[in-house]
Amino acid sequence: MTALHQILLEPTDVLFFRDGRPMNGASPGYTAAWPLPDIVNHALHAALHRAGFQDAHAHRHGRSGDYSNDRTRKFGCLTTAGPFPVRMPKSKTASDLTCTWYLPRPKDTQIKQSVKITLKPLRSLTPDVDDLWRESSLPKPLKYAVVNAMPPSKDTGGEPWISSEAYQAYLSSPATKCDPTSFLKDEDIADTECTIGIGIDPATGTAGQGEAEGQIYSAHYLRLLPDFRLGLFAQALDKTAGNPDNRRDLVRALLNDCPKSIVVGGQQRLCTACRSDAPVPLPLPLGLSTGFNEVELNGWKRWLVKWVLI
């Protein structure tokens with residue numbers, strides 16, 4: 001039995017994920033973007049609080065040995081990864097292991113239905129051009145600017161989402177041809193719905209008076225297509241009675257192997273959360289541990305490493 005859980009969130013309605021841009025008058029509310037990782041982490045954290053677990057380990061405020069006597073922070077053991085778009089299998093008898101996970105396309109590959117790397121550091125073979133780049137405005141020790149290796153085009157770039165299998169091909173063998181279904185546009189995952197709302201006065205909780213008098217706003221809502229879910233991995237092993245060797249699995253206790261409704265995002269929007277053990281191996285790409293490019297600079301051998309964040 002594993003302590004790492006796979007959680008699939010199925011929205012029961014449209015979802016509301018707001019950023020910091022205004023929503024007043026003619027300004028559209030940018031509230032239908034894919035949620036950031038902290039959104040689902042906060043949703044699970046709030047669900048743990050609402051569950052009313054007894055004797056949960058409480059953390060003190062402070063750091064580096066300077067702690068208060070106040071123990072108010074609970075469920076600090078919760079860690080999550082995601083959410084990512086997950087396409088469910090068409091067969092209702094198929095298991096969750098046949099789900100397809102999609103990840104954001106790396107920014108250095110911008111060809112449709114391909115993971116070929118198109119943005120690379122400019123490295124000229126002629127010494128005079130090298131000398132020119134040494135005089136660039138890049139901070140030391142950076143030397144070469146990043147350029148597009150493809151001819152000029154009006155194309156805006158590749159699809160924003162690629163499958164985990166295509167992502168692995170991007171890391172290990174970018175020249176590999178991938179299945180066209182490995183690439184998705186935003187509209188392949190969800191629809192965007194726009195509505196007009198009336199401002200609410202925070203003091204009275206009513207519309208049409210106080211600070212909200214005459215105020216309206218426009219907002220976009222995210223409606224996932226029927227065969228897609230918000231997928232994440234979560235773990236929360238809480239110390240029992242402060243004993244680090246005796247822990248209870250709060251994620252399993254929260255969902256209790258049964259679908260559970262939790263609030264995700266703004267406006268109290270609900271999702272149905274379904275838990276299962278995380279598959280082995282995880283449907284996430286593995287970084288390389290060998291095969292790095294080796295160069296020699298000033299008599300020293302160097303290995304070039306690229307960090308890729310999902």
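What FRET efficiency do you get for Lys112 and Ala145 if R0 is 22 Å and r is their Cβ-Cβ distance, rounded to the nearest 0.05? Show your work: numbers first, answer last.
Values: r = 25 Å, r/R0 = 1.13.
Here the calculated transfer efficiency is 0.30.
Under a cut-off of 17 Å between alpha-carbon atoms, report the aspartates and glutamates in cross-link reach of Lys90, not counting same-chain residues fewer than 8 places apart.
Glu10, Asp188, Asp227
Once every Cα of region 140-220 carries one equal point scatterer and solvent is ignored, give the base-10 log of I(q)/I(0) from the Debye formula at q = 0.22, 0.26, 0.27 Å⁻¹, two decimals.
Relative scattering, expressed as log10 I(q)/I(0), comes to -1.12, -1.17, -1.19.
Assuming 0.36 nm per residue, please report the length gained on full extension of the stretch Leu284 to Asp227 beyond their Cα-Cα distance.
Length gained between Leu284 and Asp227: 18.5 nm.
Kirkwood hydrodynamic radius for region 170-275: how many Å is it when counted over pairs of different Cα atoms?
Across region 170-275, the inverse of the average 1/r is 19.0 Å.
Kindly state, to the nearest 0.05, the FRET efficiency for Ile198 paired with Lys260, given R0 = 30 Å and r defined as their beta-carbon distance.
On the way: r = 32 Å, r/R0 = 1.07.
The pair Ile198/Lys260 has a calculated efficiency of 0.40.
Past the 18 Å Cα-Cα mark, which pairs from Lys120/Lys301; Lys112/Lys143; Lys107/Lys140; Lys143/Lys306; Lys107/Lys143?
Values: Lys120/Lys301 21 Å; Lys112/Lys143 30 Å; Lys107/Lys140 23 Å; Lys143/Lys306 16 Å; Lys107/Lys143 20 Å.
The answer is Lys120/Lys301; Lys112/Lys143; Lys107/Lys140; Lys107/Lys143.
Using the per-residue mean of other Cβ atoms lying within 10 Å as a proxy for protection, in what order, highest first, do the peptides 264-273, 143-152, 113-122, 170-179 fall?
Details: 264-273: 18.6, 143-152: 10.9, 113-122: 16.5, 170-179: 13.6.
Highest to lowest by the protection proxy: 264-273, 113-122, 170-179, 143-152.
When N is the residue count of region 255-310, what does its C-alpha Rg come to as a fraction of 2.2 N^0.38 Å?
2.15
Values quoted throughout were computed directly from the atomic coordinates according to the rules given, and no laboratory measurement underlies them. Predicted model, so just to flag it, every value in this text is computed and none were measured. Because the Cβ atoms are built from the backbone with ideal geometry, glycine has one as well, and the counts that use them run over all protein chains shown.
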